[in-house]
Structures are given as C-alpha cells and as structure tokens.
Amino acid sequence: MNYFADKQLLVADIFSRYPDSPQGRRSALMPLLREVQDAEGFVSEARMAEIAALCGTTATEVRSVMSFYSTYHTLPTGRYHLQVCSTLMCSLAGSDELWDHLVSALDVQPGDVSADGRFSVQKVECLGSCGTAPVVQINDEGYYENVTRSKCDRLIAAMRADIPPLPDNPVPVTVREDGRQMTATGERVGASIHDRGPLPMPTRPGGEA
Amino acid sequence: MTVADPAPLAITSGKDPRFAPSLYAHVGQDRSWTLDYFRGHGGYQGLRRAFAMGPDAVIDEVKKSGLRGRGGAGFPTGLKWSFMPLNDGKPHFIICNADESEPGSFKDRYLLSEDPHQLIEGMLIGGYAMRASVGYVYIRGEYVHAAERMWAAIEEARAAGLLGQNILGSGFDFQLYVHRGAGAYICGEETALMNSLEGLRANPRLKPPFPAAAGLYGLPTTINNVETFCAATQILKYGADWHAGMGTEKSKGMKLFQISGPVARPGVYELPLGTTFRELIYDWAGGPLEPIKAIIPGGSSCPMLRWDEATLDTPMDYEAIAAAGSMLGTGGVTLVPQADCIVDVTWNLVRFYAHESCGKCTPCREGISGWMVNMYAKLVRGRGVPGDVELILDMSENIGGRSFCALADACLGPVLSSIKLFREEYDVLAQTGQPMHPPRRRWKEA
Amino acid sequence: MKVTVDGIQVDLPAGTSAIDAVFHAGRDVPYFCAHAYLSPVGACRMCLVEAGTPRKGKDGEFELDEATGQPRVFWMPKPMASCTMQATEGMHIRTARTSDVVAKAQAGMMEFTLLNHPLDCPTCDKGGACELQDRAFEYGYGASRYGFDRRHADKHYALSDFIILDQERCIHCKRCVRYFEEVPGQEVLDFIERGGHTFIDTEEGGLPVGFQGNIADICPVGALLDNVARFRGRNWEYDHTPTTCTLCPVGCSITVDARNGRLERVVAGENRDVNELWICDAGRFGHVFATEERLTVPLVRVGGELREATWDQAVEAMRQGFLGHGGNVGLYLNADSTLEEGAALVALAEAIGTASLDHWPRYAHTPMSTATLTDVATADAVVVLGADLGEEAPVVELRILEALRGGLLPPEFAHGTAIADLRLTERPSRTPEKLAVIGRESRLWGHAGIRVAASGPDALTRLARPDTPELQAALRLLEGAGKPVLILGADVLNGADAAFSAALGSLAGRVGAKVLALPAGANSRGLGGLNLVPGAGGMPYARLDGVGAAFISRLDPAAQGLPGRARGFTVVHDTHLTATAGLADVVLPAVTGYEKRGTTINLEGRLLPLTQAPLRAGEGADLIRALAAVAEALGIRPPVRGLRGAQTWLEGRYGLRLAELPAGGLLQPPRPAQDAATGTAHTPNLWKPRMVPHPERRGSGVLGREARTELWELPMAPAPRPGGDD
Ligand SMILES: Cc1cc2nc3c(=O)[nH]c(=O)nc-3n(C[C@H](O)[C@H](O)[C@H](O)COP(=O)(O)O)c2cc1C
Ligand code: SF4
Ligand code: FES
C-alpha cells in the first residue's frame, strides 16, 4: 500500500516549504522519512522507493541519506524506543549504569525488540540535556530528564502498563518574574530588563533618534 | 535613557547592578512562548525599529553592537551580514543553526521552546537586513518539543501578519520554516547543514564558494546560531550602545553560559562576556559538589583547562580563554571531577567524535573514527603499552589541520589538552593497565 | 599568472588548481580522490602541499621583503589540499620534495589510508596498476603502526553482473559515486552509513547497463573490478594494445589487454576529442566474442558437410566454385571493416568488373554531417531526432550530458588533462531545457526538457513546421541558440533521401545548427566515402541472392532473415560459424577488430587508427588477405596487396594519408557518399548475442558463477555486512 497516497495535503504542505525546483523537491526527503518513521516506527524498502519517487530521486539516494542519520531506522523498533544519552555529561551523571539497568530490566539488546514488542533501546550521543542529566528520550517524543534509579523504575513500570507519563521538558529557570537573576545564595542581583523602556523609533537613514 | 548614553564602565559581572538579563529574561515564565506574552513584553519592537531604519542601517547597528557569532567560532555578525550581495536579483536565504549538538551545550534548546518569538523576530531582522525572502530554522531532530513550539510560534506569527507578505506594512516579504535534523552532529557545520537541508548526505562542502556567494540551493545564504539571532532582536530593541556597553573590549554583550557536571545548580545563566569562571561556578551555579580537576570551557571540543586559581579568575570572553589555551566555544562549561579517570573521560568524547565523523575525509574517518577510538579503548581496558601515548600524539599531529572540516580538530581538543594536563594518568594507565582513578558509581538513586 | 613550485617558476592560466601547477612544473604530489574528468572534492587529503601567497599593501602593490626586494610570501599555517586550492598570482608551493612538513603529512595520511586496507595485493586484480600501491611505495612510512584488526566487510559484493565490489579495499575516494552523478547523470551508487562504517552500495537491484564499467577504470584501488576479467591475469602479464573500438561509429579509444594470446580485458583509453575517458559497457565487457568459439581454420563443404581444410584447399574449392560465374560475383563486407579493407574490396570489384559490392549496415542516403563531438559537448542546444543513442552511439549521450552540464572542456597542461578542474562541481546543475528529444522513448528522455514521441523520417518535417507545443518549443530552442546541434539517428535516417537532406539543410541553415547524422556502422562513413555501394545494376547486400556467386565478410544475413546465399557459389569470411557461414560452400576464418591494423572514420569524420593486439586467432585472416585468396581463386592478380598497398591505393585515389596518424586521430572533411538503395532497413542493436559472456562456451575464459564463488570463498570467511541501526 502506498503510504502517502491518501495524504496529498500533507505532502503538498511539506513541498510548499521548499523552492519549486528539482533541488527543492529533494529537500522534502528528510521530512517525508520522518513522517513514515513516526507512523510506522521504521522505514521499509518499499517506503524508501515511494519517497524516492516523490522527491525525484532514486532509492539508492534515499537509503544513502537515511543511513547517514542515526535516528532513522530500517528495522522495526519497539512501541517504546528508549534512547539513552551516553555522552560525557550524562555519563558523569551515571548514564552507563542507567543503560545497563535498562538492558537487563527490559531484557533487550540494541538492535532487537523485547519479546512483548514493547521495548527497544539505543545509545545516542549528547541530547542537549547536560544540565538535567542523565536523560532518556522515548520515541520521537520528549525527554525524560534527571533520570535517577527510582525514576527509571517508575518509568519502566508505567510503560509496561502502557500508561507512559508525559515527557518532563523541565526548564532551568534562572531569571525571576521581575527579570532579575538569583545567585546561588538566593540573593537577587543586577537589574531587570523590564525596567528598560524601548528606544524611540529612529528616523531614516541612520538610526539617530 | 537614549541610545547616546555612554556606558561609563564596561559590565563584566552578572552581579553588576546595571546588568539585566535579556535573552533569557522570559524563559520559564508562564506561556512565554505565545505571541500574546511576547507582545505584552515589548515583542517585535526591535523589528519595527529595523523597518524604520532601513536594511543597511540594521547591519551597521549590528556591527556597532560588537555582536559576534554565538555558535562557536565568534565571527563578527554584522560583518558576516554585510557579505551578502546587494541587488543581485537572486533570492537570498537565511538559516538559523539550531542543531545544537556539541556536548555540554544546551542553551538554544530553551530559547527555541520557551521564547520562539524572540528568534522569529531576530530572523525577521536578519532577513530584512540581508534581503532574504525565506528563512529556515534547522533544529536537531531530537529537539521535538522545541520544534513543535517553534512551528506553533511560526503559525501564530503568520496569522498575525508577522510572516508572509508586506510585513507590518514595510513592504518586506518573508517566510520562515522549520527543518528538522535526524541525529548528526556534523549538521552543525554550516555547509553540511545546507546539504542536509537539501536532502543530501550531510557532508561538508568545499569553501570557497562561501555561503554568502553560493549557499543553500547555490544561492546567497547566511547562517547564524539561535543565540546570535536572539541577540540581534535585543540589539535592535535596546540599541547597539547598550549591547556594546557589556563585556570587554573585543567581546561585547551578554552570553548564555551553560554549566554541567557535578555542581549544585547546573543550568543556563545569562551573564556579560568577561565574567570569570569563578563567578559562574560559585556565585551562580553554587559551587562544585566534589573536587574538580579540569574545566571544559565551551563545549566538548574546547581544550580542557586545569582547575586552579588562575583558570577560575580567567574572564569568559573570546580573547582571555584563547590566551589561556582554549576557546569560548558555545559557552558550555563542564566540570570534570577529580575522581574520574581522565583517559576514560576523554575516551567518551573521542567516541562521540568517532561516531559523528561524516566519513568524507581520510584523517577523520580512519584517524579518528578508526584508530584514535581504538587506542583509547585499548588504554581504558588496561591493554595499553608504553609508547601508546606518544603514538596518540603523533597521530594527532597527522590529523590536526589536515582534515576537510573542523570536526577532526574538534576531537583533538580534549585529546591533546588532557594529555598535556594529565600526562601522568595516561602514563600510569599505559604502563600498569590500572587507572589512577578506578571506575565508580555515579548514578543517583533518587 | 606566475606560480613557483619548489623553486620552479611556471606560467599558468588563471583558475588553475595548485595540483595542476605542481604537475605542470614537473613535480609530483600523490592523490586518490582527484580525477581529471570529475569534480575536485578534497576527500582523500593526500595531495597536501604548503602554500604561501604575497599580500598586497595599502598601495595595491605586493608587500616586499626588505632583504630580497621580492614580494614577501605569507605561508598558510597548515598544509592545504592542492586539488581544491586555486593557484593565485605569485603563489609559492612546496611539495614533499622540499618540505618536511608535507612529507610527514603525506606519510601520515598514507598510513591512515592503508589502515583498513587489506594486504591482499598478491591476489588483487589491480596489483601492478594500483594507485594506492604505487603511492604507498613512494610516499608511505613503509610500515603501519595500527595494531588492531582491520575492518572486515564483504569482499565479493556483486554490484551488477559486470562489477564486483571488494568493500574492504574501498578507500572512500568517492570517484565512482561522483562519476555516476556527474557523467551519465545517474544516482545509482552512493555511500551508505557514515564515518568509519561508510561503504558504497546501490539500491537499484544492480547497476544499470550503459556506462557502469568506467568505475572499474577510475577506482584507484582494487575495490571495483571488471567481473568479466576477474582473476584472469595480473597487470604486468598483460600486453596492452591501445586501439580503437569498432562496435559503433563513435570510435572510442580503448586499450586491449591480452595475455598468452587471449583477449582478457578492455579498458578505456583517453581521447579528449572523442570519448574523453569513458566507454560504454558493450565496448568494455562485450569482447568475449573474440575468445569464445572462434573459427580458426577454413571450412570447405564436402559431401554436403563443412569440413576443416587448409587455406590451399579452400582456395582450390573457391577456384572450382567461382568457375562459370564470370563477373557475376557479389562482394559484401561489414561496415566495421577498415578503410584499407574497403579499398581492397573496391579494387577487387573493379578488377572483376562487378557492380555488386556493398557494406552493411548503412542507409540508402546519408545527409552530410558537420558537427564534431566537441561541438556536441559545447552546444547550447541539442535536438535529437529519431535516435536511440544507447544502441547507436552511446558515448554521444555522455557528450550531450556534458553540454547540459555547462559544456566545459578540461584545460590541458604539460602533464595532460587538468587533474583538478575547479570549475567542475559536485552534483552539477544541469540544463535539461537545452535538450529536446524527438523519437521513441530512450534513456536520454530522462535528461531532456522537451520530449516528443514520434517515429519515421517525417519527424524532421514536423520539427520544421511544428504542429504541437512541444515541437514548437524544440524549434524555438534551435532558433534561440547560438551553437545548436541536430543529431539524427536510425529512425529518421532509414527513410532519408535527397529531399530529406535538402529539408535538413534548409532547417539547419536557417537556425545555424550543425548536423550530426549517426552512421549506421562503425566505419560506414568511411566506406560510404569510398563508394563501396552497389553500382548500376549491382545487387545490394539485402539482395545477395541476386548474384551468381558471393563473398560475404563478417555479415550474417541469414540471422537477419535475409537471403543467406548467393544463387550459386557462396564464400563466407567470418570469425564464428554463423547461420550464414553454416549455409556457405567455403568458410574462411576472419579476425576481429581487435586483431587488425588499419583505419576507420568515426561519426564526426575523424580518422582513427586500429592497432593489432597479440591475440591468437588460428589461421584467421583479415579481409585484405582473404580477398587476395579470392583473387587468386578467380585467377586474377590481387589489385591491392597488404595494408601498405591499400594505403597507397587510398592515397592515390582519395588523397588520404593514413600511415602516420596522430594519437587522437585526424578530422577529415566530409565526403559525400553516393546514394544507393539498401532494400532493407537498419535496426541498431549494440549488444550482439555473442558479446554476452557465456561461461559454458568453448574458449570462454570467463568463470561461471559457481566457479567464481568457489574461488572467492576459499581463502576468506564470510564477514557480516555492516548496516542496521547503531
Ligand atoms: C563540526 C562543527 C559543528 C558545529 N556545530 C554547531 C552547532 O551545533 N550549532 C551552531 O550554532 N554552530 C555550530 N557550528 C558552527 C557553524 O559552522 C557556524 O560557524 C555557525 O553556525 C555560525 O553562526 P554564528 O556566526 O552565529 O556563530 C559547528 C561547526 C563545526 C565545524
Ligand atoms: S573532518 Fe572530514 S570526515 Fe570528519 S566530519 Fe569533517 S569532512 Fe567529515
Ligand atoms: S584531497 Fe584527494 S586528491 Fe586532493
């Protein structure tokens, strides 16, 4: 079955973001791959060929581009594809132990899917969550951050029950409502940008006001 | 207060009573990502000023502000913008580099998800100044939440007439789209990013031609970091002089510093350039939680600095850190604990670069992705032999400055600096097979 | 522009790359990824040099060195890849000869390149002709310090029936990938994965047949190998004979590699004016007919059966057979025969007094061609009428694609074609709007901006007076262009006549187009020029049953559904026992185009030399000698004896001087050919059945799949394919 056959609007929307030229068509390759992967969990050869036709290129090129990036999969993943950051900042926060714990608790090796079809795991590189390490990303969705051992166990239990919690996406808030930052000792220091009125409009040319 | 107000003394401390955070002023506030909130806090005023000035004056304003690229290389932004050809009759593109993948960097992520309109405004200003008609925000694939917020903000802006035709009656037309990456650090390199956007393998391209002459789709293109565009928003809103009043002689303005590793309050702090490491680590981040031996000053590719008084007193600006033997990079500061084996720590980073090598050129593909990572694995597994460290140094000489792009050199940052600073740890490991600092538990229970 | 390399000053045109500056100065730099006809990419990093440039001061003059008064040279802080760096006025370059930094950098890079490269040179087909092997010897450390297992990957991965990939040997120079994208314009091969896991593969179920074989030539190592020639010999064991391919009228330069008298391999030669460095797959892999089931001795029909005989017996049999036919003898030869062979045949026909002589394939009427292949490659508009280039003249297709890529001809230096032409870029943009294809659907359609389905000679009339928007666009394309070229193929030429030529002439004249009418056979343009066609009352090839006795050289009318015999006595001269030979009274063994000396004229009118490769052909004789035997049987003195005699005849009659042609051939002014009805139409077909390798045939040295697999799998354990998720 043709995946995009009944999704003309979606396809048109993706193409509309890029120039109306052969090169512009080609730009749709990554968004189209993402669509398929989000829907099916992986990109099969048939889908590669379908995307190739849409982008005006060959299956060889699609596979070449796809295999370059680490988040596209050619093999099916579990319902929960757990991506564990293993780069230094997470590693300093214990992500190696977190990984070992996941692999043994879920009884699944990278590249495989657990027997119940629920879990697959992948080590990934720095997810940009160094301040809230360690981090696990589930599927093409949000992050679970500051994952301690007990949080990890809660997460596993919730996924086993198929009621995964919403991703956290915690924000390290450093500026208070009044627009000032607070030092480690709790002291509010500096000024607030809110107190600074905007500049008057300049007159052309130059910007002198 | 007017633009002409002279800044009597440069502001180089976040605690300076005159310093007010601006880039990060709204991050974390309720519904800060909505257009309503943004407008309620002076949003799109910088853009209005830009329209009133005219495009050339905008570039001059950015030049005058002293803003330098926040993506790592620190190239003067106004100058970069002025490289775009004028009246060449071709469509121009601007791209926001939101591929933030350098380990230790996590500032752009929150700007994207919490204050997307600040970026849209910055890109509108840049697009207007550089006569671009289309912009792309290239967001790394893993930042799903950020990409969703960004899309939503773009929709809002479009509905409000802030994107599209004849924006705010200025006659300026501009479209903005999000393009998501899919897990490849090299996409942060600007020419690789353009290849990725064109649906190709993200190998870096030959320069020249430079992007301003032939970039995306072979057309004039300028790429800037998220923080750079956001800073442009603030500069247009509060003036070049305000911006130039912060920081040091050559490193002007404010910067988002990120701190990670064993500290009390890891996170993102907006501080003027020239703030010392000491102030960031102790006054803002609450100090280290355990003894530290090295600081990675600006993302993992920046050479490590020894943890000592001199380093702590080093101002965090482009020149001072360079003088200390490293780079400001993205401003992502990581503390390396005393109790961890430096070879193991460096191995982790070498593995990262080995995994992220695009494979185009020989020294990086074979030297880093093939050999270097094996050397480290061998050392860490206790199978090293005397001479291995010399071999790593000699290999590094054959890799450094020989590769196609800067990724291979980036890997040598931690390699060479860790050997220089902690040679003893390497030698002991190579000779005895035993690390001076054995592996330990790091994972928190709760 | 003055550039100094290791102290040697050279004068170069602006835009020259540093690597070409080095070679032009007579110095050397190793390189793997750079390639004369491909875009420079700077991937292998072997070609490092130190470079420095003078700087201009405020006054616009070069800053001078106080001590010497010469411009001061500012050296770049690190070595630069010379293949991607443009040389500039006053630049100084140091190679490994004069710079220790460069020598060390190159030795180090060589160590990296060899890191994962297997040490199987002794069993590698590329051994002895391997750029890596040579350069490692010249520039390497001598020993690797890499103490780990090499990467293991598939060593016998078939990319197609013709090309075998050894993934372990690949050094990721990307030449093959760039070749497909830039030359035939096919995205059929690319890197998979990234970093140290990168390997090349196709997802098309095999590389398309057409121009795939060229990647075996340009692979600097033994990663991509010609499967037809696999395990057949080592490079130093081959006799290399540079000659001209006679499979189609392009006349590509090729090198025939033979070992112990057997043709084992054909590789492309360079002729900047004709095929540059590319040949088609038929020309490369289709040579097996020269070794399989060859006829090596004459055959004479005795008691209804063809029996092996000596040449003397064959001559005797011919003497008997020709008796009573007088001048009623027809002489027919294949249009890939040389000019010299044609001369011998014309001279004999004149001596006999027969008007029945002919070559095949040809057209009854051939319009005059005025365009060269360089004209095609540099045209700003090309209209192809009724041609299937893949069957008629494949390399013309590549030259058209070159035009669509900007029509850049590579500059030439003291060391030959520029190694790194910086005007060439990866994934070049093309201008399909400059190509219109009118005719039946073919491979070229994919590249054409204007496509019109049509058939028959009236396509020309329709183009001149367009009746559809597409045809109007094609005509407008011609009218608006400064250097348009019109290419005509079999589908229109089969029915062409003088009126057609007149119409063509008027259209071409009006729009200022040059014309390239593709000849039907490899040398039909040359043979037509000798008037080697039936005279008044003579029988054409398709009517050879109209003559009393016939001599048929390397043609197989019976297989074409044409009469396979003369009314009476029939002599066939051929390399194989064809259907026609099976019907003949006497069969004389012939030689293939690889075993001849002589000259052909290609489609643009270029004289091109054939050289004889040392192949064992039994008692096979070329046409000149076979005709001498016929003359002897007829009891007349052969009017042309030997190659030299034929050349003297040609010089005497046509002023052609063939003895010393320049290597790239020599353009000849067009010579109008006489019209003569053919009696049948020509259907172009490049791959003849005997060109496809059949391991089971007698004399085939090509290994069957099983034998190959056995050979491959003996020494090496099967390795897991890289791939999948991280
Ligand atoms: C290997 C490599 C990775 C890079 N990654 C990033 C990145 O993730 N984000 C970024 O903004 N710049 C990155 N850069 C720098 C960009 O190439 C480019 O200099 C920057 O986006 C320019 O923006 P700026 O002038 O605003 O700093 C990277 C450079 C290299 C060589
Ligand atoms: S240094 Fe070479 S292999 Fe590494 S990422 Fe850059 S181009 Fe690719
Ligand atoms: S980098 Fe390969 S030849 Fe220059």
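The values are calculated or read from the model by the stated rules, or taken from the named source; none is laboratory data. Because the structure is predicted, anything quoted here is derived from the model rather than measured. Glycine gets a Cβ as well: all are built from the backbone with ideal geometry, and neighbour counts include every protein chain shown. Areas reflect the complete protein model, heavy atoms only, side chains present, ligands, DNA and RNA absent. Shrake-Rupley method; radii C 1.70, N 1.55, O 1.52, S 1.80 Å.
State whether the residues of region B:276-293 include one that is in contact with a strand residue (DSSP E or B) (Cβ under 9 Å, 6 or more places away or on another chain) and within 16 Å of ligand 1 (Cβ to nearest atom). Checking region B:276-293: not a single residue is in contact with a strand residue (DSSP E or B) (Cβ under 9 Å, 6 or more places away or on another chain) and within 16 Å of ligand 1 (Cβ to nearest atom). Here residue A:95 passes the criteria (1) open to solvent by 60 Å² or more (accessible area, probe 1.4 Å); (2) closer than 20 Å to residue A:120 by Cβ; (3) not acidic (Asp, Glu) except the one numbered (1).
State all residues of region B:190-205 that are open to solvent by 10 Å² or more (accessible area, probe 1.4 Å) and either within 16 Å of ligand 3 (Cβ to nearest atom) or out of contact with any Asp or Glu (no Cβ under 9 Å at 6 or more places or on another chain) (or both); if no residue qualifies, say none. Residues satisfying the conditions are B:190, B:195, B:198, B:203, B:205.
Within region A:33-90, the set of residues being in a helix (DSSP H, G or I) and aromatic (Phe, Trp, Tyr) comprises just one member, A:68.
Could you say which residue among B:116, B:103 is away from ligand 3 (no atom under 16 Å from the Cβ), in contact (Cβ under 8 Å) with a residue 60 or more places away in the chain and either within 10 Å of another protein chain (Cβ to nearest Cβ) or among the hydrophobic types (A, V, I, L, M, F, W, C) (or both)? Matching residue, one of B:116, B:103: B:103.
For region C:45-112, which strands (runs of 3 or more DSSP E) that fit wholly inside it have 3 or more residues that are more than 16 Å from ligand 3 (Cβ to nearest atom) and touching a Phe, Trp or Tyr at 6+ places or on another chain (Cβ under 8 Å)? Steps first, please.
Values: elements: C:48-54, C:73-75, C:92-94.
Per the criteria, C:48-54.
What residue, among those in region C:1-38 that are in a loop (DSSP other than H, G, I, E, B) and in contact with a Gly (Cβ under 8 Å, 6 or more places away or on another chain), is most open to solvent (accessible area, probe 1.4 Å)? That would be C:36.
Out of all the residues in region C:190-211, is one or more away from every other protein chain (no Cβ under 14 Å), surrounded by 21 or more Cβ atoms within 10 Å (Cβ to Cβ) and either over 21 Å from the mean Cα position of the chain (by Cα) or modelled with pLDDT of 95 or more (or both)? Scanning region C:190-211 turns up at least one residue that is away from every other protein chain (no Cβ under 14 Å), surrounded by 21 or more Cβ atoms within 10 Å (Cβ to Cβ) and either over 21 Å from the mean Cα position of the chain (by Cα) or modelled with pLDDT of 95 or more (or both). A single entry from C:379, C:349 fulfils the requirement of being open to solvent by less than 30 Å² (accessible area, probe 1.4 Å), free of Cβ contacts under 8 Å to residues at least 24 places away in the same chain and at negative phi: C:349. Residues in region C:580-627 that are in contact (Cβ under 8 Å) with a residue 40 or more places away in the chain, open to solvent by 30 Å² or more (accessible area, probe 1.4 Å) and in a helix (DSSP H, G or I): C:582 only.
The residue list C:409, C:404 contains one member that is more than 17 Å from the chain's Cα centre (by Cα) and open to solvent by less than 20 Å² (accessible area, probe 1.4 Å), which is C:404.
For region C:608-665, taking the residues that are more than 17 Å from residue C:596 (Cα to Cα) and touching a Ser or Thr at 6+ places or on another chain (Cβ under 9 Å), the one that is modelled with the highest pLDDT is identified as C:650. Please specify each residue of region B:85-124 satisfying the condition of being of a type in the set (A, V, I, L, M, F, W, C) and surrounded by fewer than 24 Cβ atoms within 10 Å (Cβ to Cβ). Once the filter is applied, which keeps residues that are of a type in the set (A, V, I, L, M, F, W, C) and surrounded by fewer than 24 Cβ atoms within 10 Å (Cβ to Cβ), region B:85-124 yields only B:86. Residue count for region A:22-47 under the criterion of being closer than 18 Å to residue C:190 by Cα and surrounded by 24 or more Cβ atoms within 10 Å (Cβ to Cβ): the result is 3. Which of the residues spanning region C:534-554 are open to solvent by less than 10 Å² (accessible area, probe 1.4 Å), over 19 Å from residue C:315 (Cα atoms) and either assigned to a loop (DSSP other than H, G, I, E, B) or not assigned by TED's automatic domain parsing to the domain that holds residue C:594 (or both)? C:547, the sole residue that qualifies. Of all residues in region A:108-143, which are open to solvent by less than 10 Å² (accessible area, probe 1.4 Å), under 25 Å from residue B:333 (Cβ atoms) and of a type in the set (Ser, Thr, Tyr)? Selection gives A:129, A:143. Only one entry in A:71, A:57 is out of contact with any His (no Cβ under 6 Å at 6 or more places or on another chain), farther than 21 Å from residue C:178 by Cα and either open to solvent by less than 20 Å² (accessible area, probe 1.4 Å) or touching a residue at least 12 places away in the same chain (Cβ under 8 Å) (or both), namely A:71.
If the condition is being more than 21 Å from residue C:698 (Cα to Cα) and either in a helix (DSSP H, G or I) or among the aromatic types (Phe, Trp, Tyr) (or both), then region C:283-300 contributes only C:283.
Looking only at region A:81-93, decide whether some residue is β-branched (Val, Ile, Thr) and more than 8 Å from every other protein chain (Cβ to nearest Cβ). Give the derivation first.
So the first thing to find is which residues in region A:81-93 are β-branched (Val, Ile, Thr), and the list is A:84, A:87.
Now restrict to residues that are more than 8 Å from every other protein chain (Cβ to nearest Cβ): A:84.
Yes: one or more hits.
All of (1) farther than 28 Å from residue C:631 by Cβ; (2) of a type in the set (A, V, I, L, M, F, W, C); (3) open to solvent by less than 10 Å² (accessible area, probe 1.4 Å) hold for residue C:329 with one exception: (1).
The lone criterion from (1) among the hydrophobic types (A, V, I, L, M, F, W, C); (2) closer than 30 Å to residue C:657 by Cα; (3) without any contact (Cβ under 8 Å) to a residue 12 or more places away in the chain left unmet by residue C:302 is number (2).
Scanning region B:351-376 for residues that are more than 7 Å from every other protein chain (Cβ to nearest Cβ), open to solvent by less than 10 Å² (accessible area, probe 1.4 Å) and either more than 13 Å from ligand 2 (Cβ to nearest atom) or free of Cβ contacts under 8 Å to residues at least 40 places away in the same chain (or both) turns up B:375, B:376. Yes or no: residue B:251 touching an Asp or Glu at 6+ places or on another chain (Cβ under 6 Å) and either within 12 Å of ligand 1 (Cβ to nearest atom) or open to solvent by less than 10 Å² (accessible area, probe 1.4 Å) (or both)? Criteria met by residue B:251. Out of all the residues in region B:404-419, is one or more closer than 30 Å to residue B:189 by Cα, at the interface with chain C (Cβ under 9 Å from one of its Cβ atoms) and within 16 Å of ligand 3 (Cβ to nearest atom)? Checked region B:404-419: at least one residue is closer than 30 Å to residue B:189 by Cα, at the interface with chain C (Cβ under 9 Å from one of its Cβ atoms) and within 16 Å of ligand 3 (Cβ to nearest atom). Here the condition is being hydrophobic (A, V, I, L, M, F, W, C), touching a helix residue (DSSP H, G or I) at 6+ places or on another chain (Cβ under 6 Å), open to solvent by less than 40 Å² (accessible area, probe 1.4 Å) and modelled with pLDDT of 95 or more; of C:105, C:81, C:51, C:96, it holds for C:96 alone.
Can you tell me which residues in region B:259-272 are farther than 15 Å from residue B:332 by Cβ and touching a strand residue (DSSP E or B) at 6+ places or on another chain (Cβ under 6 Å)?
So in region B:259-272, the residues farther than 15 Å from residue B:332 by Cβ come out as B:262, B:264-265, B:272.
Correct list: B:262, B:272.
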